[in-house]
Amino acid sequence: MKKSFRPEIPRKVVYRLSVYFRGLQRLKANGHHTVSSEALAKAAGVKPTQLRKDLAYFGQFGTRGLGYDVGQLAEVISDVLGTTCLQPVVLIGVGNLGLALLSYRGFEKAGFEIIAAFDIDPARQRGKSSSVAIQDMGKLPALVRERNVKMAILTVPAPVAQEVTNVLVECGLTGILNFAPLVLDVPENVAVNNVNLAIELENLSYFVQR
């Protein structure tokens with residue numbers, strides 16, 4: 001199988017790859033070895049033409065009349081997403097949301113490990129304990145260098161989010177999952193994915209009132 005990686009891949013395509021990967025994982029868990037483009041597209045909520053177009057960014061897959069090899073395609077997508085081995089992630093801001101994310105065990109199954117958490121007040125009493133050590137922000141640069149960390153989960157209050165982001169960028173992190181309700185100003189080489197629960201609920205509100 002020949003891979004053909006293109007320099008610019010649309011963000012929406014990368015997002016859909018994660019959806020395809022989860023569909024393939026479910027198929028594999030249920031003992032399926034092959035899947036048609038129609039069946040995989042339906043499971044992902046897209047049209048078969050969209051699925052084939054997305055996969056074409058990375059090579060030619062599937063056999064006419066047989067479909068895709070489930071295990072092989074899942075392996076290729078995992079390699080493209082960089083999740084074939086555990087990637088180290090740090091969490092910044094250990095409030096209620098930060099604690100909840102630290103206790104979530106699904107990250108490791110997806111190929112990510114939160115190796116440390118940082119907070120401006122690590123010794124503050126919290127509602128529940130964390131299995132991940134909570135450290136002072138001053139220790140962040142050294143850990144990023146030692147563990148070659150590239151990604152961070154940002155769960156700090158909005159007023160300090162940009163200031164903390166500047167620190168993350170200075171440390172060399174290039175991927176931020178942002179839960180703060182504001183648009184972060186970052187260099188072009190830094191990718192930011194925003195998670196704004198209020199916006200998602202507003203979006204649902206529109207549809208339920210139709």
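The values are calculated or read from the model by the stated rules, or taken from the named source; none is laboratory data. Predicted, not measured: the structure shown is a model, and the values here were computed from it. FYI the Cβ positions are ideal-geometry reconstructions off the backbone, even for glycines, and counts take in every protein chain you see. Keep in mind that these areas ignore ligands, DNA and RNA; they rest on the heavy atoms of the full protein, side chains included. Shrake-Rupley method; radii C 1.70, N 1.55, O 1.52, S 1.80 Å.
Mind checking which of 81, 68, 168 is farthest towards the positive end of the chain's charge dipole, using Cβ charges of +1 (Lys, Arg) and -1 (Asp, Glu) about the Cα centre?
68
Rounded to the nearest 5, what is the percent of antiparallel bridges among the DSSP beta bridges in the chain? All intermediate terms of the calculation are to be shown ahead of the outcome.
Values: 3 of 24 bridges.
Taking every DSSP beta bridge with both residues in the chain, the antiparallel ones total about 10 percent.
Which whole-number percent is the relative contact order of the chain (Cα, under 8 Å, 6+ apart)?
Working: 273 pairs, mean separation 29.9, N = 210.
About 14 percent, as a whole number.
Considering only the other residues whose Cβ falls under 13 Å of the Cβ of residue 172, what net charge follows from Lys and Arg at +1 and Asp and Glu at -1? Show your work: numbers first, answer last.
On the way: positive: 145, 147, 150; negative: 146, 170.
Summing Lys and Arg as +1 and Asp and Glu as -1 gives +1.
Tell me which residues come under 5 Å, amide H to amide H, from residue 194 once H is placed; ignore anything under 5 positions away on its chain.
Answer set, sorted by chain and number: 178.
Grab the DSSP H runs of the chain that are 4 residues or longer, score each as -39,500 (n - 2.57), total them, divide by all residues and round the 222 nm result to the nearest 500 deg cm²/dmol. Display every interim value, and only then the final one.
On the way: 9 runs with 92 residues, N = 210.
After summing the helix terms and dividing by the residues of the chain, the value is -13000 deg cm²/dmol.
Which of these, 75, 113, 200, has the largest mean-square fluctuation under a Gaussian network model of the chain (Cα springs below 10 Å)?
Top of the fluctuation ranking is 200.
Excluding residue 102 itself, what net charge comes from residues whose Cβ is under 15 Å from its Cβ, given Lys and Arg +1 and Asp and Glu -1? Walk me through the numbers before you get to the answer.
Working: positive: 105, 124, 126, 128; negative: 108, 113, 119.
Net of charged neighbours comes to +1.
Using alpha carbons only, how many angstrom separate the centre of the range 59-135 from the centre of the range 160-193?
18 Å
For the chain, what does the accessible surface come to per residue with a 1.4 Å probe? Please give it in Å². Walk me through the numbers before you get to the answer.
On the way: 13120 Å² over 210 residues.
So the chain comes to 62 Å² accessible per residue, rounded to a whole number.
Can you tell me which of 157, 187, 122 moves the most in a GNM of the chain? Springs connect C-alpha atoms under 10 Å apart.
Largest GNM mean-square fluctuation: 187.
For a quick check of your reading of the filter: which trypsin sites (Lys or Arg not before Pro) in the range 22-91 sit in a DSSP loop and have no more than 13 other Cβ atoms within 10 Å?
Listed in order of number, the matching sites are 64.
If you roll a 1.4 angstrom probe over the protein chains with everything in place, what fraction of the accessible area of the range 13-87 belongs to carbon and sulfur, to the nearest %?
Numbers: 2250 of 4390 Å².
Ligands and nucleic acids excluded, carbon and sulfur reach 51 percent.
Carbon and sulfur atoms: what percent of the 1.4 Å accessible area of the range 88-210 do they account for? Could the numbers behind the result be given before it?
Values: 4060 of 7390 Å².
Ligands and nucleic acids excluded, carbon and sulfur give 55 percent.
How much net charge surrounds residue 23 when only other residues with a Cβ under 13 Å from its Cβ are counted (Lys, Arg +1; Asp, Glu -1)? Let's see the in-between values first.
Details: positive: 16, 22, 26, 28, 42; negative: 38, 54.
Net of charged neighbours comes to +3.
Using amide H atoms built in the peptide plane, which far-off residues or other-chain residues are under 5 Å from residue 118 H to H?
Placed amide hydrogens put 91, 92, 93, 135 under 5 Å from residue 118.
Ordering 69, 185 by accessible area with a probe of 1.4 Å, largest first, what comes out? Don't skip to the answer; put the middle values down first.
Values: 69 75, 185 115 Å².
The ordering from most to least exposed comes out as 185, 69.
Select from 168, 40, 66 the residue whose mean-square fluctuation is largest in a Gaussian network model of the chain (Cα-Cα springs shorter than 10 Å).
Of the options given, 66 has the highest mean-square fluctuation.
Placing unit charges on C-beta atoms (Lys and Arg positive, Asp and Glu negative, everything else neutral), compute the dipole magnitude of the range 1-104 about its Cα centre in debye, rounded to 20.
Details: 14 positive and 6 negative charges, 72 e Å.
The calculated dipole for the range 1-104 is roughly 340 debye.
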